[in-house]
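Before any comments, here is the structure.
FYI, it's all coordinate maths here, none of it is from the lab. Quick caveat: nothing in here was measured; it's all calculated off a predicted structure. So basically every Cβ, Gly included, is an ideal-geometry build from the backbone, and we count neighbours across all protein chains shown.
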Amino acid sequence: MSPKVALKAKSEPVEPKRLARPLALLAWYDRHRRRLPWRAAPGETADPYRVWLSEIMLQQTTVKAVGPYFEKFVVRWPDVTALGRASLDDVLRMWAGLGYYSRARNLYACAVAVAREHGGVFPDTEDGLRALPGIGPYTAAAIAAIAFDRRTMPVDGNIERVVSRLFAVEEELPQAKPKIQQLAAMLLADSRAGDEKSRAGDSAQALMDLGASICTPKKPACSLCPFTDDCVARTQGTQDTFPRKAPKKSGTLRQGAAFVVTRGDELLVRTRPEKGLLGGMTEVPGSDWRAGQDDKLAKLQAPALKGLSRWQRKLGVVTHVFTHFPLELVVYTARVEAGTRAPDGMRWVPVATLADEALPNVMRKVIAHALDG
């Protein structure tokens, strides 16, 4: 070795932990990986459609809740081209109950774009994926890594928790996100040694599984973790305090009224505007949702139907919490005679077929409260 080469080697030591951590993580994953309906089995190539569909569904939702919806979607629409040929109404109906309905509209728009503009083939780069509707930085990185083995690290809530504990990141979220992203990338296995695959997707999924099963929000099973001797927070005994989070600001309570009208075995409903909260979903008629809503003012927004003389107010209120505000709804019920026409913009649907309507959870609560007893 020449003096210059020897000097360079001495001045640029390789950090052992930086090499050991990714290998330990993958070794753990190879033994303990979760079996998920959208995840490719060991040795199989991931299906970009299934990866994309699962990542959209999993946003702000649990694996347990997503499983049945994912299965229904892939049976009904086995690939992105089939989904792109569907109608938005059908997609919203299948999505009903999963929440955060803008995801369903973006899912449909993305499927249409991939089918029409890309021949049913997903772009295989982060930039190409981010150009599609409804795909942000995290989702693009997740699909690129998991479906195409691009060397990138998506960071979800599970990964934030693992990394913030492993390195004891003191900054509060969301300000800590860039630092956590940088540290998470250090857990990617090094593929420069000539390996045919970087296993970037496996590295990402390993951290997700680690956060979901071992490095849990409360009472993490640190003794089972591949980083058990290398975690700064565990060494300090402070793992339960990470990640650091700024206090949440709760939204102002909004109030309103919901009007549940039956005509025999039929229910009066309408479709919400395409844009805005719960866009394109089915609902019973109701008032505006406002802070400090006056009950008398809300009742003035009841639908006008021929022959309807009085409303019956149900005891109690229906409560629901959206991302930015809690909601309380007073529920009024009424019955009308057979043959009563629905007001403009509304329609009658059989109560027996309500499961086929794109009803958000808050409306399911309202209808259950109104028809109970």
What number comes out for the charge environment of residue 172, summing +1 per Lys or Arg and -1 per Asp or Glu over other residues with Cβ under 14 Å away?
+4
Would you kindly state how much longer the chain becomes between residue 310 and residue 89 on full extension, computed as 0.36 nm times their sequence separation minus their alpha carbon distance, in nm to one decimal?
76.2 nm
Could you tell me the relative contact order of segment 254-371? Use alpha-carbon pairs under 8 Å, at least six residues apart, and round to a whole percent.
37 percent
Too long at a 32 Å Cα-Cα cut-off: which of 249/365; 219/314; 72/299; 218/275?
219/314; 72/299; 218/275
Any chance you could check the Cα centroid distance between segment 213-242 and segment 317-338 for me, in angstrom?
43 Å
Just need the relative contact order of segment 15-241 here, percent rounded to a whole number, with Cα pairs under 8 Å and 6+ apart.
22 percent
GluC sites (Glu not before Pro) within segment 242-292: which are DSSP loop residues with at most 14 other Cβ atoms inside 10 Å?
274
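Computed FRET efficiency, Cβ-Cβ of residue 241 and residue 347, R0 51 Å: what is it to the nearest 0.05?
Given R0 = 51 Å and the Cβ-Cβ separation, E is 0.45.
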First select every other residue whose beta carbon is under 15 angstrom from the beta carbon of residue 35; then total the charges, Lys and Arg +1, Asp and Glu -1.
+1
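Pulled fully out, how much extra length does the chain show between residue 335 and residue 185, if you take 0.36 nm times their separation in residues and subtract their Cα-Cα distance?
This chain segment gains 47.9 nm when fully extended.
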Lys, Arg +1 and Asp, Glu -1 on Cβ, resulting dipole of segment 272-373 about Cα centre, debye, nearest 20:
260 debye
At residue 253 and residue 218, where each label point lies 7 Å from the Cα along Cα→Cβ, what is the point-to-point distance in nanometres?
2.5 nm
Hey, in the GNM for the chain with a 10 angstrom Cα cutoff, which one of 109, 298, 358 fluctuates hardest?
298
Which value, in debye to the nearest 20, gives the size of the charge dipole of the chain about its Cα centre, when Lys and Arg are +1 and Asp and Glu are -1 at the Cβ?
740 debye
For the pair residue 33/residue 277, report the inter-label distance in nm, with labels modelled 7 Å from Cα in the Cβ direction.
4.2 nm
Rounded to the nearest 10 degrees, the helix 63-76 long axis (Cα) sits at an angle to the longest Cα principal axis of the chain of 70 degrees
Counting each DSSP H run of 4 or more residues in the chain as -39500 (n - 2.57), what helix-only mean residue ellipticity at 222 nm follows after dividing by all residues, to the nearest 500 deg cm²/dmol?
-12000 deg cm²/dmol
With both partners inside segment 199-343, how many of the DSSP beta bridges are antiparallel, as a percent to the nearest 5?
55 percent
Helix 200-213 against the longest principal axis of the chain: what's the angle in degrees, Cα atoms only, rounded to the nearest 10?
60 degrees
Using Cα atoms only, what is the angle between the long axis of helix 157-166 and the major principal axis of the chain, expressed in degrees (0 to 90) to the nearest 10?
30 degrees
Just to be sure I understand: of the beta bridges DSSP finds with both ends in the chain, what percent are antiparallel, rounded to 5?
65 percent
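Between residue 325 and residue 290, 0.36 nm times their residue separation minus their Cα-Cα distance comes to what?
Full-extension gain reported as 11.5 nm.
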